[in-house]
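J.: Quick one: structure below, then a few questions.
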Amino acid sequence: MSRSNRRTFLQAEHAAADSLLRRLAPGQFIERIGLESRLDAIKEELLRLADVPDPAQATLFFGGQPVLAQEGIEAPFAADALARFQSLVEKVGVARGGGAQNKDFRLHITGIARGSFGFELTQMEEAPVNIQQAKAAVEETSGVLQYLAAEEDSFAQFMSEADPRVLKSLHEFVKVLANSSATLRFVSDSSEVALSEQHLFRAFGWMEETEPAVTEASIPGTLRGFLTGSSRQFEHMDAAGSIYKGKLGGLVSDEDLQRFAFKPCVARIQTTIVARPGRPLKKSHTLVSLHPPQDKAQS
């Protein structure tokens, strides 16, 4: 049971016990002691729960061919789709950096949701990763799924900028849904994404046709600027005066940026190119790491 569900249960139990207590006759001492003791225990548990934030949560609602109204869902499809979704959340979380591992973002099925056929997924309390990190990974996964309903050019731009691990997991997840003629609705604490069968089939076709070309190179030059926080951008100029702009990778820390800002350094930059027939080429850069100029290990 999630923390929020546990709080709701305890609040209802507290109201019921308090109502019983108020109806007791003056001479019912044993019953009064028992109810007062239970009320004290409930209050203590509610106080403990109030000090700890709710874990990461998400609900996946499936529809379409694998679902029989609100009564059931094909077991092989559900198992495959949930496994692929779990992998996607893990890859998004790891790509965010901070030294987290796949297992740190593991979700558990904690309930069945009605409305088509859905599954409630929750990060369990014993998970080692910070709760806020896990929540951020779930919300960023929502952002990734939103691109599946985007126009082709926007989706191609997303593919050029996405972490290759995230893109691979997304491809596998969409493949399961598209091949089964399914629909998807994703609901988290602060976002919701609805994807039709057409959205999923179209995005799957784009991903099948396009294999992003990903390369990495160590580029001596000067780190000319950066933005941290939610933006996380960088600008690096090589010795010939060429400018590389893009996003900061998850392993690049604020300390690294401050250390090398406006100084000579070696930037390890990942370049992703997405080329589709009849469409403009999409290119993006990701700063993987920074090193001193004399660091030969990354050359």
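The values are calculated or read from the model by the stated rules, or taken from the named source; none is laboratory data. The structure presented is a predicted model; accordingly, all values stated were derived computationally and were not measured. Neighbour counts are summed over all protein chains in view; Cβ atoms, including those assigned to glycine, are modelled from backbone coordinates with ideal geometry. Please note that ligands, DNA and RNA were not included when accessible areas were found on the heavy atoms of the full protein model with its side chains. Shrake-Rupley method; radii C 1.70, N 1.55, O 1.52, S 1.80 Å.
J.: Sorting D40, D54, D153 by accessible area (1.4 Å probe), largest first, what list results? It would help to have the intermediate numbers written out before the result.
T.: Values: D40 85, D54 35, D153 65 Å².
Per-residue accessible area, sorted high to low, gives D40, D153, D54.
J.: For segment 137-169 and segment 33-96, what is the separation of their C-alpha centers, rounded to whole Å?
T.: Using only Cα atoms, the two centres lie 24 Å from each other.
J.: Ok, one more. Give the whole-number value, in cubic angstrom per residue, of the convex hull volume spanned by the C-alpha atoms of segment 1-117.
T.: Cα-based convex hull of segment 1-117, divided per residue, equals 152 Å³.
J.: Compute the whole-percent fraction of alpha carbon pairs in segment 33-179 spaced more than 22 Å apart. Write down the numbers at each step before the final one.
T.: Working: 5324 of 10731 pairs.
The answer is 50 percent, as a whole percent.
J.: Jot down the per residue volume, in cubic angstrom and as a whole number, of the convex hull over the alpha-carbon atoms of the chain.
T.: Cα-based convex hull of the chain, divided per residue, equals 163 Å³.
J.: In square nanometres, what is one fourth of the surface area of the convex hull spanned by the alpha carbons of segment 143-209?
T.: 4.3
J.: Let me ask you something else. Quick one: which residues, 5 or more positions from F117 or on another chain, have an amide H under 5 Å from its amide H? H modelled 1.01 Å from N in the peptide plane, none for Pro or chain starts.
T.: Correct list: F62.
J.: Need one word for segment 173-235: rounded, prolate or oblate. Basis is the Cα gyration tensor (sqrt eigenvalues a ≥ b ≥ c); a/c below 1.5 gives rounded, then a/b vs b/c decides.
T.: oblate
J.: Mean-square fluctuation check for the chain, GNM, Cα pairs under 10 Å: which of L24, L248, L177 is largest?
T.: Highest fluctuation of the listed residues: L24.
J.: Got a sec to turn the phi values of segment 109-122 into Karplus ³J(HN,Hα) couplings, 6.51 cos²θ - 1.76 cosθ + 1.60 with θ = phi - 60°, whole Hz, x for Gly and Pro?
T.: Residue by residue, segment 109-122 yields 6, 10, x, 9, 10, 8, x, 6, 9, x, 10, 8, 10, 9 Hz.
J.: Rounded, prolate or oblate: which one fits segment 8-77, using the alpha carbon gyration tensor with axes a ≥ b ≥ c (rounded when a/c is under 1.5, else prolate when a/b beats b/c, else oblate)?
T.: It comes out prolate by the Cα gyration axes.
J.: Would you report the distance distribution of C-alpha pairs in segment 204-246 as whole percents per 5 angstrom bin, up to the bin with the largest distance?
T.: Over segment 204-246, the share of Cα pairs per 5 Å bin runs 6, 17, 18, 16, 14, 13, 11, 5, 0 percent.
J.: Along the charge dipole of segment 223-299, which of F234, H291, A261 sits closest to the positive end, that is, farthest toward it, with unit charges on the beta carbon of Lys, Arg, Asp and Glu (+1, +1, -1, -1)?
T.: So the residue we want is F234.
J.: Continuing with this model, one more query. I need the shape label for segment 189-273. Rule: rounded when a/c is under 1.5, else prolate if a/b > b/c, else oblate, with a, b, c from the alpha carbon gyration tensor.
T.: It comes out oblate by the Cα gyration axes.
J.: With a cut-off of at most 12 other beta carbons within 10 Å, and DSSP calling the residue loop, which GluC sites (Glu not before Pro) in segment 55-91 qualify? Please list them.
T.: Listed in order of number, the matching sites are E71.
J.: When all C-alpha to C-alpha distances in segment 95-200 are sorted into bins of 5 Å, what percent of pairs does each bin hold, rounded to whole numbers?
T.: 2, 10, 19, 24, 23, 14, 7, 2, 0
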